[in-house]
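*Asks:* Starting off with a structure, shown below.
The values are calculated or read from the model by the stated rules, or taken from the named source; none is laboratory data. The shown structure was predicted, so the numbers you read here are calculated from the model rather than taken from an experiment. Please note: Cβ atoms are built from the backbone with ideal geometry, for glycine as well, and neighbour counts cover all protein chains shown. The area values use the complete protein model at the heavy-atom level, side chains included, leaving out ligands, DNA and RNA. Shrake-Rupley method; radii C 1.70, N 1.55, O 1.52, S 1.80 Å.
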Amino acid sequence: MSIKICIFVAKNIITEFHMQRRVLLIYTGGTIGMNRNPQTGALEPFDFEHLLNSVPELMQFDTQIETFQFDPPIDSSDMTPALWTDLSHCIADRYWQYDGFVVLHGTDTMAYTASALSYMLENLTKPVVFTGSQLPIGQLRTDGKENLISSIEIAAACDEEGHALVPEVGIYFNSHLLRGNRTTKQSAEEFNAFESFNYPHLVDAGVNIAYHRERILKPDFSKPMTPHFRLDNNVIIFSLFPGIREDLIRHIIHTPNLKAIVMRTFGSGNAPQSPWLLNALKEGTKNGKVIVNVSQCLQGAVEMSRYDCGYHLQEAGVISGRDMTVESAVTKLMHLQSHHPDDPETVRSLMQQSIRGEMTI
């Protein structure tokens, strides 16, 4: 992958450099930068400069906007941990040159990427705002223009001391900024594509932009941001369902090199009380695998002491993912496993702590 560099400067730049805000706009791919092929009807990417030409409103910003483009653009279904590392390098290598970052990304895996970046960028003191659109930005009814314009405004916003108002990784869609590692894609059809069901909005944009400062992470501005580039993707997600087969579960648990499992259970963390399932999970945890219990419900938390079946999961060594999203749980495991490769107990301990605001304790 290569990165195409282009510089776009708004016409009303404030002349004094110390007052000028700078935002880096990173185009990774996604619907926002697509065009419809007149012959096939399929969406295909076009050059990023065309995207900027479709949003002349950007010329009204008193902000310097520079852009980087992944070349070729990445369909979000093809997103990988290696590309997350490329993206984190792109931000970390230019961190002190900009006041904020806006990442244009396909919606299908945006919540995974935002979650991963939240763990990879420790003590983040500047906004990293992910956004995109449900319709290409060149279409008449596109949601892309508002998403892009508001994301840039939020990324450039600061307080009286010059500190960023939203120094964390967020997803902006349909007039709301959500915490990235709390967010899930909820609709493939509506403009309201994302929601953070277990955490309130960080920002609501209407006639005015309302910043809910009490909900926003507060980093130590006296310390630098610490990037982490390693990820260990020896992890798998599986969902329980009535009639799930023993041989398939055992096959997953005994997969060579597998270090962790995100197990999506029923309701508040419940699972069948079949002896074979509990024994299989116990075998996995005794062999050093980290098994995290995350609910299949979009809203609510895992409470393993609430029902008897949850209590038996605890006895088998399964740990609670509380109210983490699946996207957040799996990327957090990748991050922790890369830093504690031979220490599953430390991974288990940290999975039950909130390290980037990803769970309610």
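*Asks:* Need one number: % antiparallel among DSSP beta bridges in region 86-191, to the nearest 5.
*Replies:* Just about 40 percent of them are antiparallel.
*Asks:* Now, a different point. Taking only protein heavy atoms into account and a 1.4 Å probe, give the accessible area per residue of the chain in Å².
*Replies:* Values: 15790 Å² over 361 residues.
Accessible area per residue, the chain: 44 Å².
*Asks:* Can you classify region 207-272 as rounded, prolate or oblate using the Cα gyration tensor, where a ≥ b ≥ c are the square roots of its eigenvalues, rounded means a/c under 1.5, and otherwise it's prolate if a/b beats b/c and oblate if not?
*Replies:* Verdict is oblate for region 207-272.
*Asks:* With a 1.4 Å probe and all protein chains kept in place, how much accessible area does Lys282 have, in Å² rounded to the nearest 10?
*Replies:* 80
*Asks:* Taking the radius of gyration and the Kirkwood hydrodynamic radius from Cα positions alone, what is the Rg/Rh ratio for the chain, to two decimal places?
*Replies:* Ratio of gyration radius to Kirkwood radius: 1.00.
*Asks:* Another question, then. I want to check the label-to-label distance for Tyr311 and Phe238. Put each point 7 Å from Cα in the C-beta direction and report it in nm to one decimal.
*Replies:* Each label point lies 7 Å from its Cα, and together they span 2.7 nm.
*Asks:* Can you say what percent of the DSSP beta bridges in the chain, counting only those with both residues inside, are antiparallel? Round to 5. Each step should come with its number before you reach the end.
*Replies:* Values: 26 of 58 bridges.
Antiparallel: roughly 45 percent of the beta bridges in the chain.
*Asks:* If you split all Cα-Cα distances of region 186-238 into 10 Å bins from zero, what percentages do you get per bin, shortest first?
*Replies:* 16, 24, 37, 22, 2
*Asks:* The chain: longest stretch without exposed GluC sites (Glu not before Pro) (DSSP loop, at most 14 other Cβ within 10 Å), sites themselves excluded?
*Replies:* That gives 191-361 as the longest site-free run.
*Asks:* What does the charge count around Lys282 come to, taking other residues whose C-beta lies under 15 Å from its C-beta (Lys +1, Arg +1, Asp -1, Glu -1)?
*Replies:* Taking every other residue near Lys282 into account, the sum is +1.
*Asks:* Grab the beta carbon distance between Met59 and Asp342, set R0 = 45 Å, and tell me the FRET efficiency rounded to 0.05.
*Replies:* On the way: r = 54 Å, r/R0 = 1.20.
With a Förster radius of 45 Å, E is 0.25.
*Asks:* A further question follows. Identify which of Lys218, Lys286, Lys259 has the largest mean-square fluctuation in a Gaussian network model of the chain, with springs joining Cα atoms closer than 10 Å.
*Replies:* Most flexible of the set in this elastic network: Lys286.
*Asks:* Name the shape class, rounded, prolate or oblate, that the alpha-carbon gyration tensor gives for region 195-304, where a ≥ b ≥ c are the square roots of its eigenvalues, rounded holds for a/c under 1.5, and otherwise prolate holds if a/b is larger than b/c and oblate otherwise. Intermediate values should be presented prior to the final figure.
*Replies:* Details: a/c = 3.27, a/b = 1.75, b/c = 1.87.
Cα axes put region 195-304 in the oblate bin.
*Asks:* Choose one answer from Gly180, Gly170, Gly288: the residue with the largest mean-square fluctuation in a GNM of the chain with alpha-carbon springs under 10 Å.
*Replies:* Judging by the Gaussian network model, the answer is Gly288.
*Asks:* Right, here's the next one. Before rounding to the nearest 500, sum -39500 (n - 2.57) across all DSSP H runs of length at least 4 in the chain and divide by the residue total; then give [θ] at 222 nm in deg cm²/dmol.
*Replies:* Result for the chain: -7500 deg cm²/dmol, rounded to the nearest 500.
*Asks:* For the cross-link pairs Lys126/Lys223; Lys259/Lys332; Lys259/Lys282; Lys282/Lys332; Lys126/Lys185; Lys259/Lys286, which exceed 20 Å when the distance is taken from alpha carbon to alpha carbon?
*Replies:* Working: Lys126/Lys223 12 Å; Lys259/Lys332 13 Å; Lys259/Lys282 14 Å; Lys282/Lys332 22 Å; Lys126/Lys185 24 Å; Lys259/Lys286 12 Å.
Violating the 20 Å Cα-Cα cut-off are Lys282/Lys332; Lys126/Lys185.
*Asks:* Could you work out which residue, out of Val169, Val294, Val55, moves most in a Gaussian network model of the chain, that is, has the largest mean-square fluctuation with Cα springs under 10 Å?
*Replies:* Val55
*Asks:* Rounded to the nearest percent, how much of the accessible area of region 178-270 (1.4 Å probe, protein heavy atoms only) is carbon and sulfur?
*Replies:* Carbon plus sulfur share of accessible area: 54 percent.
*Asks:* Given an 8 Å cut-off on Cα distances and at least 6 residues of separation, report the relative contact order of region 206-361 as a percent. Write down the numbers at each step before the final one.
*Replies:* Numbers: 227 pairs, mean separation 35.3, N = 156.
Once normalised by length, the contact order is 23 percent.
*Asks:* Could you work out the relative contact order of the chain? I mean the mean sequence separation of Cα pairs under 8 Å and 6+ apart, divided by the number of residues, in percent. Let's see the in-between values first.
*Replies:* Details: 767 pairs, mean separation 50.2, N = 361.
Relative contact order of the chain: 14 percent.
*Asks:* What is region 103-254 by shape, rounded, prolate or oblate, if you read a ≥ b ≥ c off the alpha carbon gyration tensor as root eigenvalues and call it rounded for a/c under 1.5, prolate for a/b larger than b/c, and oblate otherwise?
*Replies:* Oblate shape, in that a/c is at least 1.5 and b/c is the bigger or equal ratio.
*Asks:* Right, next: Under a plain spin-label model, where a point goes 7 Å from the Cα along Cα-to-Cβ, how far apart in nm are Asp78 and His163?
*Replies:* 4.1
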